[in-house]
2 protein chains.
Amino acid sequence: MAESDQTVFDALCDHTRQTATLASIESVLGWDERTQMPSANAEYRAEQMTLLSGMIHQRNTDPRVGDWLAQLAESPLAAEPHSDTAATIRVLQRKFEKQKKLPQALVEELTRTAVMGQQTWQAAREKDDYAQFCPIVEKMFELKRQQADALGHDGCRYDALLDDFEPEESTENVDRVLRSLREELVPLVAAIAESSRRPPLELLKRRYPIETQQSFGREVATQIGFDFARGRLDESAHPFCNGLGPHDTRITTRYDEHFMPSALFGTMHEAGHGIYDQGLRTEWYGLPPGSYISLGIHESQSRMWENQVGRSEAFWRHFFPHAQRAFPEALADAARDEFYFAINNVEPSLIRVEADEATYNLHILIRFELELALIEGELKPADAPAAWNEKYREYLGIEPKNDAEGILQDIHWSFGAVGYFPTYSLGNLYAAQFFEKADEQLGGLADQFARGEFAPLRQWLQAQIHERGECYTAAELVREVTGDDLSHDALMRHLRGKLVPLYDLS
Amino acid sequence: MAESDQTVFDALCDHTRQTATLASIESVLGWDERTQMPSANAEYRAEQMTLLSGMIHQRNTDPRVGDWLAQLAESPLAAEPHSDTAATIRVLQRKFEKQKKLPQALVEELTRTAVMGQQTWQAAREKDDYAQFCPIVEKMFELKRQQADALGHDGCRYDALLDDFEPEESTENVDRVLRSLREELVPLVAAIAESSRRPPLELLKRRYPIETQQSFGREVATQIGFDFARGRLDESAHPFCNGLGPHDTRITTRYDEHFMPSALFGTMHEAGHGIYDQGLRTEWYGLPPGSYISLGIHESQSRMWENQVGRSEAFWRHFFPHAQRAFPEALADAARDEFYFAINNVEPSLIRVEADEATYNLHILIRFELELALIEGELKPADAPAAWNEKYREYLGIEPKNDAEGILQDIHWSFGAVGYFPTYSLGNLYAAQFFEKADEQLGGLADQFARGEFAPLRQWLQAQIHERGECYTAAELVREVTGDDLSHDALMRHLRGKLVPLYDLS
């Protein structure tokens, strides 16, 4: 007698959960490496990671998974599209097929090139020597083309690569939306550059003792809803959020005694990621209904808490008095509206990770346009630095003095993350769309923030987004939650609503 | 054509190394659990650990290991007894046979009972309720008897259990040496109790700011040779040392602002363990020539740095001025000889982990004698508390008021660690024997310590002990290094040499 669909479904889930347990162990190793491990142990840690990766890959491509999925394809369990069971079957089917299509030799070549690529990139950046990095770009984009062809596509290779980070999204759609965004954002940024109003940035560069920044950041993260009973906040060179288990979400930030925003907004950003992870359904941990949808949706949660909440006037109506008490040396004589203007400074700059809320998207656009041209063979790696600089002049009105502050600044291409960049801007777009809808449905978030009430927004996000897991694609989710498709309108409304009065634009 | 011995040996080593990599990942999880993890994640962490344990067990009992070892048994690679290859074959052969002999059902029953046992023990200790714990003791000792019988023995079940912690040691030998130690130690402790001299313990209970304790402990650990480029020092409720990789040895301690010795000697103790791990040959990491011999030998390294070094008069000739500068509030007006007397206080007490260098061994003797009687069925678990109290009266002249400060104080039996206790005292015995020999060969360690020179001792230990890995058994090593067999004489000489003048004994 054939096994029942439910028995097969349970076997598939058990297998997948156990693979997720191995992946969560990898996360423990990764977190430890970035926050605790003596650097002398780096080589051995890589061996530990490689061993686990191999085991995970083997489990992911286990032929039994294919058999189980084949039996479930026509099952009633797969019928209701947004049900937990159907989502499980749909997502695991997609992942299994992708894994199966990749030749082992290509996977190994990509891994080897990524390891070498990161080392080469680091050396090249230090020496401001793009020529040293260029062969890696050539090699990596060639391998990514092979990867895209192995996975299959309808003529657009970038589609197949984007799918690793933003599943089921299309290049055409992303291109259309980002282009629309660019057309409105470039003039807005240019108008701000011509405005005579300038925020008092020196306010942010006063002395903010690091221990106080730590306790203040922790307090803010707690108030917006990051659960420290199920998580941690630590320090690392590059801030990140990492899920190590259903009740173990760890975020990091970095501190600068003379620039307060980096740690605070870094903490809020990572706490936003963490609140998403903590809002997932733990009983589905390691399975699609208990997993995040895409990098874009994940980023929408971090950006919303960082920008829509943390850089709002209402937020500081609540928190500014606290901040003045915490940092009397820096803020006792400061006015709230001056401080608010300073943290919303918009100014074209060269380094993506230091960019403000508005110009950030132009940094992303440039990278997206370049990697699209590189993958399609329309741009040669040797010509990429010139193209990079040209686009900075065109979109931001400034130009890097050298490649270290230009095309060499990001690690992504060196390890093959092609298709990753646009998810940062998708996050900003989704964040603005979700936030508008939450504001409408919750009846005026600003007043709530001013009273220090953040739970309604967090609970709304949990019910609308987190608890849905992967039962919706990103596109389906934004439609389900907001009634609209992905669009640049909400983000532009958000930016104009804030920046037009601050910079006294017409 | 049959594969060459070398090829088979290499396959065996590759397999074993990879298993060790999994075990090292388990260590990362364990360290993280005890120092970093939010407690809400405990259940999931147990799942991660169980998954890894299962994989490790499967690899350890892989039939190919048996085939490889069978081919190598008569190989020239196994001929020279203390060679790296012969040690590898001998140790892996012993471990494989032990693993194979244990029925899977018994292993699972032991694991289940250990989990339940620890929970029950914790609850029983909190409520001072031995009756609640007694069924666990019965069950666990019954399972350990089954384990001993499955493993095989020459009439003494304890032999088979001791082997898990002190491989190839015999109960008869341990019993003989500990009995000799007891016969001399009990009168010494009694004489001290009757002495009219008492150290000024209040010196140690003054205020020692914790941050300064941290930096001072770190300084001491560095000077005695713990390599912080390949290790860390953190805080945890129960101090421990854990090896997470060939270049990643982590130790912990705990701090009490009003009792300075616990953190400092705890740090030196764990640093001693760490120095052993850091002194192993990294090219043999995960294999017998790069592994520690036994818990007793490991403990000899921690005890030596803690006691023979850290509680010596010469050590404080060097460090006391530093300590006075670091802790002016506590030590500015203190005399070095008073301080030295205080840290060498000997006084019968009820709690093992707080006991001094001399009486500690009597705590161990009591546990060893009781678990031996329990495993042989000569003592019933229900009668164990009375036997415990009787022995404390006889050996230490004091008696617990209740079982919480008596038989319920240790976790060991609750998770089946029967045969573990004696290794603590074996460590003290080995430490004294090794130290005497080092002192003789290095020409007066006291003068070196007084000058702050600790490298000669550390290097001697590395060459004589650490770098030998498991190429010698503990018994062989002590004979090879000191020319003598395991004996209580050196420890008694060490204790009398220090305590007779301090307490003005005849």
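The values are calculated or read from the model by the stated rules, or taken from the named source; none is laboratory data. Computed from a prediction, not measured in an experiment: that's the story for all the values here. Cβ atoms come from the backbone with ideal geometry, glycine included; neighbour counts cover every protein chain shown.
Just to check your reading of the model, which residue among B:L280, B:L244, B:L295 is within 14 Å of chain A (Cβ to nearest Cβ), modelled with pLDDT of 95 or more and closer than 21 Å to B:R34 by Cα?
Numbers: B:L280 fails: closer than 21 Å to B:R34 by Cα; B:L295 fails: within 14 Å of chain A (Cβ to nearest Cβ).
Among B:L280, B:L244, B:L295, only B:L244 is within 14 Å of chain A (Cβ to nearest Cβ), modelled with pLDDT of 95 or more and closer than 21 Å to B:R34 by Cα.
Here A:A330, A:A358 are screened, and the one residue that is surrounded by fewer than 23 Cβ atoms within 10 Å (Cβ to Cβ) and of a type in the set (A, V, I, L, M) is A:A330.
For the range A:334-378, the set of residues classified as outside any helix (DSSP H, G or I), closer than 21 Å to A:D403 by Cβ and not aliphatic (A, V, I, L, M) consists of A:P348, A:S349, A:T359, A:E378, listed by residue number.
Summed over the range A:357-387, residues that are under 12 Å from A:Y424 (Cα atoms) and among the charged types (D, E, K, R) total 2.
Residues in the range B:327-386 that are in contact with a helix residue (DSSP H, G or I) (Cβ under 9 Å, 6 or more places away or on another chain), within 28 Å of B:E138 (Cβ to Cβ) and of a type in the set (D, E, K, R): B:R352, B:R367, B:E369, B:E371, B:E376, B:E378, B:K380. Once the range B:250-284 is narrowed to residues that are out of contact with any His (no Cβ under 9 Å at 6 or more places or on another chain) and over 30 Å from B:E202 (Cβ atoms), the residue that is surrounded by the most Cβ atoms within 10 Å (Cβ to Cβ) is B:G274.
Residues checked against (1) out of contact with any strand residue (DSSP E or B) (no Cβ under 7 Å at 6 or more places or on another chain); (2) farther than 27 Å from B:M55 by Cα; (3) acidic (D, E):
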site	(1), (2), (3)
A:G30	no, no, no
A:E47	yes, no, yes
A:T50	yes, no, no
A:D67	yes, no, yes
A:A78	yes, yes, no
A:I89	yes, yes, no
A:Q99	yes, no, no
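Please tell me if B:V189 is surrounded by 18 or more Cβ atoms within 10 Å (Cβ to Cβ) and within 30 Å of B:R254 (Cα to Cα). Yes, satisfied. Just to be sure, is B:L110 away from chain A (no Cβ under 14 Å), crowded, with 17+ Cβ neighbours inside 10 Å, closer than 22 Å to B:A148 by Cβ and in contact (Cβ under 8 Å) with a residue 40 or more places away in the chain? So B:L110 fits the description; yes. Against the list (1) touching a Gly at 6+ places or on another chain (Cβ under 7 Å); (2) more than 14 Å from chain B (Cβ to nearest Cβ); (3) crowded, with 20+ Cβ neighbours inside 10 Å, the condition A:S24 fails is (2).
When you go through B:T61, B:T35 one by one, which is the residue that is within 30 Å of B:L233 (Cα to Cα), β-branched (V, I, T) and either out of contact with any helix residue (DSSP H, G or I) (no Cβ under 9 Å at 6 or more places or on another chain) or surrounded by fewer than 18 Cβ atoms within 10 Å (Cβ to Cβ) (or both)?
B:T35
Exposed (fewer than 15 other Cβ atoms within 10 Å of the Cβ) and assigned by TED's automatic domain parsing to the domain that holds B:G452 - does that describe any residue in the range B:220-227? Yes. With the condition kept exactly as written, say whether any residue in the range A:53-63 is part of a helix (DSSP H, G or I), more than 10 Å from every other protein chain (Cβ to nearest Cβ), over 17 Å from B:L52 (Cβ atoms) and touching a residue at least 24 places away in the same chain (Cβ under 8 Å). Checked against the condition, which is being part of a helix (DSSP H, G or I), more than 10 Å from every other protein chain (Cβ to nearest Cβ), over 17 Å from B:L52 (Cβ atoms) and touching a residue at least 24 places away in the same chain (Cβ under 8 Å), the range A:53-63 yields at least one hit.
Which condition breaks for A:T120 when tested against (1) farther than 28 Å from A:M49 by Cα; (2) in contact (Cβ under 8 Å) with a residue 40 or more places away in the chain; (3) surrounded by fewer than 21 Cβ atoms within 10 Å (Cβ to Cβ)? Failed condition: (1).
For the range B:247-277, the set of residues classified as among the hydroxyl-bearing types (S, T, Y) and either in a helix (DSSP H, G or I) or more than 14 Å from every other protein chain (Cβ to nearest Cβ) (or both) consists of B:T253, B:Y255, B:S262, B:T267, B:Y276, listed by residue number. Tell me, yes or no, whether the range A:226-237 has at least one residue that is of a type in the set (A, V, I, L, M, F, W, C), more than 14 Å from every other protein chain (Cβ to nearest Cβ), under 13 Å from A:G272 (Cβ atoms) and touching a residue at least 24 places away in the same chain (Cβ under 8 Å). Checking the range A:226-237: not a single residue is of a type in the set (A, V, I, L, M, F, W, C), more than 14 Å from every other protein chain (Cβ to nearest Cβ), under 13 Å from A:G272 (Cβ atoms) and touching a residue at least 24 places away in the same chain (Cβ under 8 Å).
Right, A:L102: over 19 Å from A:D163 (Cβ atoms) and surrounded by 15 or more Cβ atoms within 10 Å (Cβ to Cβ) or not? No: the conditions fail for A:L102.
Table: residues versus (1) in contact with a Gly (Cβ under 8 Å, 6 or more places away or on another chain); (2) of a type in the set (S, T, Y); (3) within 21 Å of A:A87 (Cβ to Cβ); (4) in contact (Cβ under 8 Å) with a residue 24 or more places away in the chain.
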position	(1), (2), (3), (4)
A:A11	no, no, yes, yes
A:T16	yes, yes, yes, yes
A:A20	yes, no, yes, yes
A:L29	no, no, no, no
A:E33	no, no, no, no
A:S39	no, yes, no, no
A:Y44	yes, yes, no, no
A:E47	no, no, no, no
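When you look at A:L72, is it surrounded by 15 or more Cβ atoms within 10 Å (Cβ to Cβ) and farther than 30 Å from A:G406 by Cβ, yes or no? Yes, satisfied. Among the conditions (1) more than 14 Å from chain B (Cβ to nearest Cβ); (2) closer than 30 Å to A:P348 by Cβ; (3) buried (at least 16 other Cβ atoms within 10 Å of the Cβ); (4) within 20 Å of the chain's Cα centre (by Cα), A:L204 misses just one, which is (4).
For A:A190, the stated conditions hold: it is part of a helix (DSSP H, G or I) and away from every other protein chain (no Cβ under 14 Å). If you filter the range B:238-257 down to residues that are in contact with a Leu (Cβ under 8 Å, 6 or more places away or on another chain) and in contact (Cβ under 8 Å) with a residue 60 or more places away in the chain, you find that the one that is nearest to B:S27 (Cα to Cα) is B:R250.
Counting residues in the range A:127-135 that are modelled with pLDDT of 95 or more, in contact with a Ser or Thr (Cβ under 7 Å, 6 or more places away or on another chain) and surrounded by 18 or more Cβ atoms within 10 Å (Cβ to Cβ) gives one or more.
Scanning the range B:39-52 for residues that are at the interface with another protein chain (Cβ under 8 Å from one of its Cβ atoms) and within 19 Å of A:E26 (Cβ to Cβ) turns up B:N41, B:Y44, B:R45, B:E47, B:Q48, B:L51, B:L52. The residues on offer are A:I343, A:I364, A:I351, A:I275, and the sole one that is of a type in the set (A, V, I, L, M, F, W, C), under 25 Å from A:I398 (Cβ atoms) and touching a Phe, Trp or Tyr at 6+ places or on another chain (Cβ under 6 Å) is A:I364. Look at the range A:86-99: where a residue is modelled with pLDDT under 95 and a partner is of a type in the set (S, T, Y), sitting 6+ places away or on another chain with Cβ atoms under 8 Å, you get A:Q99/A:T61.
Residues that are under 21 Å from the mean Cα position of the chain (by Cα) and more than 14 Å from chain B (Cβ to nearest Cβ) do occur in the range A:209-217, at least one of them.
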